[in-house]
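Participant: Here it is: the structure, laid out below.
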Amino acid sequence: MRVGAKKGEEEIKVESGFGVSGIIKLKIKLEGCETCDRSLNLGCADCCYYCYMGFMWQEEGSSSVTSSPLQLFSMMSLSPSLGSPNNLLLREMKSEERGLYLIHLLLTCANHVAAGNLENANTTLEQISLLASPDGDTMQRIAAYFMESLADRILKTWPGIHRALNSTRVTMLSEEILVQKLFFELFPFLKVAYVLTNQAIIEAMEGEKVIHVIDLNAAEAAQWIALLQVLSARPEGPPHLRITGIHQKKEILDQIAHRLTEEAEKLDIPFQFNPVVSKLENLDFDKLRVKTGEALAISSILQLHSLLAWDDEALKRKSPRLLKGSSGIHLQRVLPLSQSTLGDMLEKDMINGYTASPDSTSSSPASLTTSNPMNMESFLSALWGLSPKVMVVTEQDCNHNGPTLMDRLLEALYSYAALFDCLESTVSRTSLERLRVEKMIFGEEIKNIIACEGPERKERHEKLEKWFQRFDQAGFGNVPLSYYGMLQARRFIQSYGCEGYRMRDENGCVLICWQDRPMFSISAWRSRK
């Protein structure tokens, strides 16, 4: 039934099923709904959020549209005090109603943040805090991290305050290692990526006597232990294997080297490990020690997207005027600071980019680097120059690199809802392991996507088709993943014990999905001479 036409062209969809990843199938248009003329429109394809919810309640036999609780919320004060009737009404909401209202509040808050309206953003954050919880249901948990990210974005407009609040924040290396292992254990994504990457390398290296593998993020030994075991069983005997591992932390590389050397000795395989302590964007390619006569393979798991941060910097240097536009945040020094003056501080920009004031440049990551960082084009060009027989790339299959805050928030809501749904289906809500993964991995990624700009914004995930374009332009040709590799991966997913995980063949690449939502892509490439 058509309730009311909406202005604008973009389809808007909210589903009443909950599965949060189902409920967040939505887009936003700010022009308003022709039925109620609200300025913030989110709902189904034919009406805004409020009209949609009123229609849903009418369908259930309610006497009027205004009997919907969400109709009442639209008329409530946005700053309810504890114990007030408004607050009691909020706390009595059903899970689905609360989820829909949290989506509305998050989008409203993001709109205020993008417009520089601190007072309204603060009021909306106050109301979100009444409903969100890091240990509640799925939507409450998601909302808690998006709320924190929007607040962090506001705080970044005052670098001194932001630095002071984060000055004692320390993450122990042991905690980092633990949470990465938990992600590996709780989800099948990395395991499937390892299976397909290793199979592609084995097939490309058939008959080779000297093999060199470059791991662009040597954080986990399990992948290469499995490769060593397969190579040790070759009928013609094992090859000489050298693995070059790149990581920012020497301690991680030392652990990887110890485990792999120990395994190679057990299997009697000639083996060398070459550690390179470096950030990817500052990598000195001479340290990779690629030699003539060895067959080269490259593995990149969840790494390349971070280099897109430096594409913005290259664009700024080439043409600063291109960055002037319609949405984003451009910081200036303003004194005094107050709630009413933030709107004057914030100017709209086509590419959301923080431009630090002269006395705050020391906080920029670019100022801490010792060499000029490489952007995506130069990095892929350097990889192409190494002439790998195969390069296998795993990336998040999401569009988190949009030019505006609203673009990224909408896409991130949808994709992280699917990840949180995965855990909701397989892990107890009271699990400390689940809480660690949600906070230390997903929460930090969400914060980076929402609160950060410029080189600091590393989580620039993009869809598989974008990577196809980039690799093609860099001189790489696609290598279809083999039927046998896909068969192994599919069997592994089927044995995982959760029906929500699926795998899809996409032009010789693999998309690992939650339900029908692609989550990670795996593709293989070789230099095209």
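Participant: When the Karplus curve 6.51 cos²θ - 1.76 cosθ + 1.60 is applied with θ = phi - 60°, which whole-Hz ³J(HN,Hα) does each residue of the range 423-436 get, with x for Gly and Pro?
Facilitator: 5, 4, 7, 10, 10, 4, 5, 8, 5, 5, 5, 4, 4, 4
Participant: Using θ = phi - 60° and the Karplus form 6.51 cos²θ - 1.76 cosθ + 1.60, what ³J(HN,Hα) does each residue of the range 247-261 get, whole Hz, x for Gly and Pro?
Facilitator: 7, 6, 10, 4, 4, 5, 4, 4, 5, 4, 4, 4, 5, 6, 4
Participant: Additional query: Identify, among N198, L155, L186, the residue whose Cα sits farthest towards the positive end of the charge dipole of the range 146-222, taking +1 on the Cβ of Lys and Arg and -1 on the Cβ of Asp and Glu, with the dipole about the Cα centre.
Facilitator: With unit charges placed on the Cβ atoms, the residue in question is L155.
Participant: State the percentage of accessible surface on the range 168-271 attributable to carbon and sulfur atoms; use a 1.4 Å probe and exclude ligands, DNA and RNA.
Facilitator: The C+S portion of the solvent-accessible surface of the range 168-271 is 54 percent.
Participant: Still on this structure, please answer the following. Exactly which GluC sites (Glu not before Pro) in the range 209-317 are in a DSSP loop and have at most 13 other Cβ atoms within 10 Å?
Facilitator: E236
Participant: Could you pull out the GluC sites (Glu not before Pro) across the range 91-193 that fall in loop regions by DSSP (anything but H, G, I, E, B) with no more than 13 other Cβ atoms inside 10 Å?
Facilitator: Taking the range 91-193 and a limit of 13 other Cβ atoms within 10 Å, the loop GluC sites (Glu not before Pro) found are E92.
Participant: Related question: First select every other residue whose beta carbon is under 15 angstrom from the beta carbon of G237; then total the charges, Lys and Arg +1, Asp and Glu -1.
Facilitator: -2
Participant: Can I ask one more? Return a single number: how many Lys pairs in the range 427-529, at a sequence separation of 8 or more or on separate chains, have alpha-carbon atoms below 23 angstrom apart.
Facilitator: 6
Participant: If you take the beta carbon distance between D268 and V290 as r and set R0 to 22 Å, what does 1/(1 + (r/R0)^6) give as a FRET efficiency, to the nearest 0.05?
Facilitator: So, using R0 = 22 Å, E works out to roughly 0.30.
Participant: Report R98's accessible area, 1.4 Å probe, all protein chains in place, as a number in Å² to the nearest 10.
Facilitator: Only protein atoms counted, so the area is about 40 Å².
Participant: Quote the relative contact order of the range 170-296 in percent (integer), defining contacts as alpha-carbon pairs under 8 Å separated by 6+ residues.
Facilitator: Result for the range 170-296 is 27 percent.
Participant: Follow-up question, since we're still on this one. Between Q248 and E119, how high is the FRET efficiency from 1/(1 + (r/R0)^6) when r is the Cβ-Cβ distance and R₀ = 35 Å? Nearest 0.05.
Facilitator: So the FRET efficiency works out to roughly 0.30.
Participant: Lys and Arg at +1, Asp and Glu at -1: add these up for the other residues within a Cβ distance under 12 Å of S521 and post the number.
Facilitator: Summing Lys/Arg as +1 and Asp/Glu as -1 gives -3.
Participant: How far, in nm, would the chain grow between E236 and E377 when pulled straight, counting 0.36 nm per residue and subtracting the alpha carbon separation?
Facilitator: 46.8 nm
Participant: Hey, how many Å between the Cα centroid of the range 211-285 and the Cα centroid of the range 411-481?
Facilitator: 26 Å
Participant: Can you pull the one-decimal nm distance between simple spin-label points at S95 and A222, each 7 Å off the Cα toward Cβ?
Facilitator: 2.9 nm
The values are calculated or read from the model by the stated rules, or taken from the named source; none is laboratory data. All values derive from a computational prediction rather than experimental measurement. Heads up, the Cβs are rebuilt from the backbone with ideal geometry, glycines too, and the neighbour counts pull from every protein chain shown. These area figures cover heavy atoms from the full protein model, side chains too; ligands, DNA and RNA do not enter into them. Shrake-Rupley method; radii C 1.70, N 1.55, O 1.52, S 1.80 Å.
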